[in-house]
1. Can you tell me which of 276-289, 235-248 comes out highest on packing, and rank the rest after it, using the mean Cβ neighbours within 10 Å?
2. Compute, for the stretch 118-170, the length of the dipole vector about the Cα centre, with Cβ point charges of +1 (Lys, Arg) and -1 (Asp, Glu) only. Units Debye, rounded to 20.
3. So what J values fall out for the stretch 85-93 if you push phi through Karplus, 6.51 cos²θ - 1.76 cosθ + 1.60 with θ = phi - 60°, rounded to Hz, Gly and Pro as x?
4. Give me the net charge of V320's neighbourhood, meaning all other residues with Cβ under 11 Å from the Cβ of V320; Lys, Arg count +1, Asp, Glu -1.
5. At a 1.4 Å probe radius, carbon and sulfur cover how many percent of the accessible area of the stretch 195-310?
6. Take each of the peptides 43-55, 294-306, average the number of other beta-carbon atoms within 10 Å over its residues, and list them starting from the highest.
7. Calculated from DSSP H runs of 4 or more alone, at -39500 (n - 2.57) each and per residue, what is the 222 nm mean residue ellipticity of the chain, nearest 500?
8. Which residues' amide hydrogens lie under 5 Å from the amide hydrogen of C266, considering only partners 5 or more residues apart or on another chain, with H built in the peptide plane?
Amino acid sequence: MSLNFSVLAQDGAARLGKLDTAHGVIDTPVFMPVGTAATVKAMTPAAVAATGAQIILGNTYHLMLRPGAERVAKLGGLHKFMHWPGPILTDSGGFQVMSLGQLSKVTERGVAFQSHIDGAKYDLTPERSVEIQDLLDATITMQLDECVAYPAEAKRAADAMRLSLRWAERCKAAFRDRAGYGLFGIVQGSTFADLRAESAAGLQAIGFDGYAIGGLAVGEPQEAMFETLDHTVPHLTPDRPRYLMGVGKPSDLVGAVLRGVDMFDCVLPTRSGRTGQAFTRRGTVNIRNARHAEDPRPLDEECRCPACTHHSRAYLHHLVRSNEILGSVLMTWHNLTYFQDLMAGMRAAIGAGRLQAFAADFAAGQALGDIDPL
């Protein structure tokens, strides 16, 4: 394997680990901010790093359309292009293409689709997906897979999972192996335990640097997601990182780490920040609400981000209600800091053998709800 992953400590199913890559070391469990189009929205790369983020995510679909993978390669790769020297994971583009509905068609060869930007026609095959991610200089490349909506019939889920396995073999054959770079396979099978087991076994027979759990966070209840993790994670080899794609809310992260997941990504902290929703140690806060208009207190008194250390709720309320760009910046900065601090707290708790206590404290804090209005 080209990526060296070490499990340093375990607490129940949870693992504290390190993933060595060509672009730096990643401490796990880790949350990856989403930088869809070569930018984490409303944040500079330095600001993203200041939150504690060690790795970010880019999107093959969006970058192949604009500015184009060949152009990014010509300009020195995605790390240089966006001034992020650390690790970058790129998703395969499959989820976005499938989301186009009637604008896309799935065949054994791959996915034919029309751009949502200008209607131009493209073919995304497993080989082309890997090639694009290579041109971008992705530290971690994801296989092309077919992700079905929830709920899915067993036959539909089985067909998509087995197609994804065949595509996984083609991605492995197309991947250019280099020290410090890796290719992850994606476990599919919707919420069906037998399909998840079949998918995990098939991928591990091919052999990947890590194993992602896809097809979740697509509308299923949290308990269904946790149940699926319960009958998926035990089938994954313990010496490779496990990545739960597109997840999630803070409680999702805590529950999945307890179940042995190492890596996460989600647009939630950035998207919510731009709409005025904050994640805090006492649950979510909608800063747009009138109750904050004259509140001089910080958003979260325990938070180290600029929004909390330099500004009041009243000021953040004013910025967001006025649609000022700085409102999006500060709220996003806060949310990403909260997510990174949550992950750091879980890493420390695993190392100390007290993750269950940490999870109980987290849940108790969330249950408190926001501080009382003045």
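1. Details: 276-289: 19.5, 235-248: 21.0.
Going from most to least packed, we get 235-248, 276-289.
2. Numbers: 7 positive and 11 negative charges, 62 e Å.
Roughly 300 debye, rounded to the nearest 20.
3. Karplus values, whole Hz, x for Gly and Pro: x, x, x, 10, 9, 10, 6, 7, x.
4. On the way: positive: R274, R288, R313, R321; negative: E324.
With Lys, Arg at +1 and Asp, Glu at -1, the net is +3.
5. Values: 2100 of 4270 Å².
Carbon and sulfur: 49 percent of the exposed surface of the stretch 195-310.
6. On the way: 43-55: 19.0, 294-306: 17.1.
Highest-to-lowest ranking by the protection proxy: 43-55, 294-306.
7. Details: 15 runs with 155 residues, N = 374.
Estimated from H runs of four or more residues: -12500 deg cm²/dmol.
8. Hits under the 5 Å cutoff: M32, V34.
The values are calculated or read from the model by the stated rules, or taken from the named source; none is laboratory data. Because the structure is a prediction, the values reported are computed rather than measured. Don't worry about glycine lacking a Cβ; one is built from the backbone with ideal geometry, like all the others, and counts go over all protein chains shown. Heads up: the accessible areas ignore ligands, DNA and RNA and are worked out on the full protein's heavy atoms, side chains in. Shrake-Rupley method; radii C 1.70, N 1.55, O 1.52, S 1.80 Å.
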